[in-house]
Each structure stands twice: as structure tokens, then as C-alpha cells.
Amino acid sequence: MANDEQERPNPPRRGLKKGLYLIPSLFTAANIGMGFFAVMASLRGFQILGSANPDMLLAAAHFNNAAVAIGWACVFDMLDGRIARLTKTTTEIGIQLDSIADVVTFGLAPAVLAYTWGYGASLTEGSDLHRLAWFLSFMFLICGAFRLARYNVQASRPRILAEGTPKVDKKHFVGMPIPVAGGFIAALVHFSPLPLIYFGPERARIYSGLLMVLVGLLSVAMVSTLRFSSFKTVGTKVRSMRTIILALSIGMLIFLYSRYVLLALVVSYVLHAVIARVASVFWRRNEAAEGKIEPNPVGRRS
């Protein structure tokens with residue numbers, strides 16, 4: 001009997017396998033935590049602006065902390081999915097939890113940050129522009145939620161989609177990803193954390209109008225059919241030292257000049273999709289023009 005117990009193989013280490021499933025969820029939880037922190041820091045900064053003698057520098061520090069938190073959330077959002085794919089621990093609950101986290105961190109938190117840092121304090125409360133600012137912040141949130149819902153449906157049930165719906169492409173996203181839209185607002189605040197009201201009433205209203213236009217454009221871009229690179233294959237297979245050197249260089253530049261580099265990266269990412277779309281339109285027009293030169297078949301009316 002003792003020999004049988006000695007020869008019996010050890011049970012599989014199921015605990016280790018279950019532990020691997022928790023790692024992506026921990027990064028997703030960190031994503032939600034950063035979103036909650038960003039909302040609270042934004043509200044604290046807005047509270048300071050509403051005091052009798054507002055400390056603009058202290059309010060700017062809170063707004064900058066909120067923007068930085070959204071930036072860290074972008075890192076956690078990239079890592080949770082990548083780790084899940086590398087360790088083959090992708091689960092349905094993890095996918096749904098990631099979408100909920102993105103709505104909070106990249107939908108609600110940037111909308112609150114844009115309002116508190118920007119047009120919330122510079123526009124007269126109850127005015128038409130102030131109501132429009134409320135509406136645009138809401139549209140940013142709802143468009144981001146719709147963007148995530150559309151992506152989940154395309155990824156889970158691509159065969160029953162209506163005809164004409166863009167197909168899922170692993171190399172591209174259809175519509176601006178919500179982390180990019182939220183990261184755009186965060187990078188803008190990190191670039192200039194002082195609230196817009198700091199620049200005076202007249203300039204603050206002008207800047208608030210420009211910010212409202214930006215929020216509106218980002219909302220439309222999320223539900224558009226523009227194609228954005230996903231970069232999902234980057235980092236999975238390191239083929240040369242150039243990839244590592246490029247990643248280290250960008251990381252060092254962000255560490256040294258985060259205010260400028262982060263905003264430049266987000267703007268470049270957005271512009272590349274717009275330029276690619278415009279180029280594709282001209283390319284199709286040129287192809288159509290060349291096709292019209294061909295003669296009509298015999299017997300067909302022109």
C-alpha cells in the first residue's frame with residue numbers, strides 16, 4: 001500500500017493555472033482603479049476652482065494627476081489583453097470586465113476631466129453653451145460605450161452581422177478606440193494642466209469652444225468607420241533589435257518629455273487614420289476614372 005502511494009503521480013498543479021487567469025484581471029482592476037482615481041481627482045480640482053480664493057496651481061496638480069492616471073490606465077489596458085493572449089487565459093468574463101473598465105476609465109473619466117478642467121468653470125452655468133458642454137460630455141461617454149459594444153458584437157458574432165457592416169480585422173480597429181479618445185483628452189490636460197479659467201474669461205471661453213469642438217470630433221470618430229492600426233502583433237514576436245531599441249527610445253522620451261511626447265504620439269496616431277482615409281478616397285476615384293475610359297461592350301446602351 002505504501003509503494004502504491006509512492007508510485008502514484010503527483011496531481012496536476014491546477015492552482016498555478018488558476019493563478020494565471022487572475023493576472024489579466026488584476027491589470028483590468030488596476031485600469032478601473034485609475035479611472036476612479038481620475039474622476040475623484042477631477043472633482044477635487046473642480047471643487048478648488050469653486051472656492052472663494054481658488055488655488056490655481058493646486059487645482060492644476062489635481063487635474064494633472066487625473067490625466068496621468070488615465071495615461072497609466074492606457075498601459076494597463078494594453079497589458080491585460082496582451083498577457084491574456086500570451087498566457088492563453090482569455091475568458092468571457094475577462095472580456096466583459098475589460099469593456100466595463102474602458103467605459104469608466106476612457107469614457108466617464110475623460111468626459112468629467114474635460115468638463116472640470118475646461119468648459120465647466122469658464123462657461124456661465126445655465127447658459128446655452130454650458131448646456132451644450134454637458135451634452136458633448138455625455139455624447140463622448142455614450143459614443144465610447146457604443147464603440148465598445150459594436151466591437152464586442154463584431155468580435156463574438158461576425159457571421160450574423162448585417163450586410164455592409166465592416167468585418168473584424170485583427171490589424172485594424174473600425175472607429176477610433178476609446179482609449180485613444182480618452183488618452184487624447186488626458187494628454188492635452190497633461191500638456192497644460194492649468195484650468196482654462198486661469199487664462200482669463202475671454203480666452204477661457206475661446207479655449208472652451210475649441211475644446212468642445214475637439215470632444216465632439218472625438219465622439220464622432222469613435223462611431224465612424226475610420227480604420228486605426230491595432231498594433232496587436234507588436235511585441236509578440238521580436239524579430240530584431242530595432243524593435244527593442246525603438247520601444248526603449250520612446251519610453252525614455254516619454255519619461256523625459258512626457259508633456260510633449262504623449263500629445264505628439266496621440267495626434268500622430270489620429271492623423272494617420274485620417275490621412276489614410278483621404279488617400280484611399282482619392283485612390284478609388286482615380287481607379288473609377290480609369291475604368292470609365294474602357295469602351296462599352298457591343299450591344300449595351302451607354
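Using 17 Å as the cut-off for backbone N distance, which residues of the stretch 172-212 belong to the label zone defined by a point 7 Å from the Cα of LEU58 along Cα→Cβ?
Output list for this probe position: 194-195, 198.
Please give the peptides 246-257, 24-35 ranked by average Cβ packing (other Cβ atoms within 10 Å per residue), highest first, as a rough proxy for protection.
My ranking of the peptides, most packed first, is 24-35, 246-257.
Taken together, the values in this text are just the output of simple stated rules run on the coordinates, not laboratory data. Just so it is clear, the model here is predicted, and its values are computed rather than measured. Reconstructed Cβ throughout: ideal geometry from the backbone, glycine too, with neighbour counts over all protein chains shown.
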